Amino acid sequence: MKIIDNIINKKEQEELKFILLSRHFPWFYLNDISYKDGKQQRPGFSHYFIKDEKINSDWNTITNNIINNSCKITKVNCNKIIESRAFLQLPLHSNITKNNLVDTPHIDRETKHTVILYYVTTAVGDTIIYTDKGEKKITPKQGRVVVFDGSLKHTATQPTEDVRCVINININ
């Protein structure tokens, strides 16, 4: 697992945040952002740039520098992008979270892959990655990326202030 701050320069960070949080970016509603078969029913929004190794969005190139820089620094082969998607979470009322802010732990896919998780916004709502040594908590900070083995279960903590916006990329 590798955590890298400022994976893209500040100007690119701000441009990306402006695009994703603008009124014109197409977000798609999810019943439960935490997991496709989750029982928590925590609503949020997603946008697939690449899905099943195919371009799914005209916006797909906005993640190129994140992917290229992450792969170069970590020396991970990024020739095959399986999925690239953004998630947007809003603070939820305690009636929904039932005072449990940790979403359903999951892996993104069953096949071998590497996860590149980029934080578009600084937020109160950690990512938790479960390793054989215990839990590793990563605080969302704009421009930060965490690169880790996709076989590790991970999850988000619901934001309690502002929005939590991330880009999740699965590569093989």
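A few comments on the model shown:
- Magnitude of the charge dipole, the chain, Cβ model with Lys/Arg +1 and Asp/Glu -1, debye to 20: 220
- Amide H to amide H, with H built 1.01 Å from N, residue 102 comes under 5 Å of 158, counting only residues 5 or more places away or on other chains.
- Packing-based ranking, highest mean first, of 155-167, 9-21 given that Cβ atoms within 10 Å are counted: 155-167, 9-21
- Checked against a 18 Å cut-off, the cross-linked pairs 2/141; 133/153; 72/153; 2/133; 10/141; 11/136 give Cα-Cα distances beyond that limit for 72/153; 11/136.
- For the chain: accessible area per residue (Å², 1.4 Å): 54
- Residue-averaged 222 nm ellipticity for the chain, from DSSP H runs of 4+ at -39500 (n - 2.57), nearest 500: -4000 deg cm²/dmol
- Cysteines of the chain lacking any other cysteine Cβ under 4.7 Å from their own Cβ: 165.
- Within the accessible area of the chain (1.4 Å probe), percent carbon and sulfur: 50
- Rounded Å value of the spacing that divides the Cα centres of the range 56-72 and the range 115-132: 18
- Translational diffusion of the chain was estimated from the Stokes-Einstein equation, with Rh taken as the Kirkwood radius over Cα pairs; at 37 °C and 0.692 mPa s the coefficient is 204 µm²/s.
- Grouping the Cα pair distances of the range 99-172 into 5 Å bins from zero gives a pair-distance distribution of 4, 17, 27, 27, 17, 7, 1, 0 percent in increasing distance order.
- Simple rule: put +1 on each Lys or Arg Cβ and -1 on each Asp or Glu Cβ in the chain, find the dipole, and look at 55, 165, 66; the Cα lying farthest toward the positive end is 66.
- Sorted on the mean count of surrounding Cβ atoms within 10 Å across their residues, most packed first, peptides 66-72, 132-138, 46-52, 107-113 read 66-72, 46-52, 107-113, 132-138.
The values are calculated or read from the model by the stated rules, or taken from the named source; none is laboratory data. From a predicted model like this one, the values you see are computed outputs, not experimental measurements. A quick note on method: Cβ atoms are made from the backbone with ideal geometry, for glycine too, and the neighbour counts reach across all protein chains shown. What goes into the accessible areas is simple: the full protein's heavy atoms, side chains included, and nothing from ligands, DNA or RNA. Shrake-Rupley method; radii C 1.70, N 1.55, O 1.52, S 1.80 Å.
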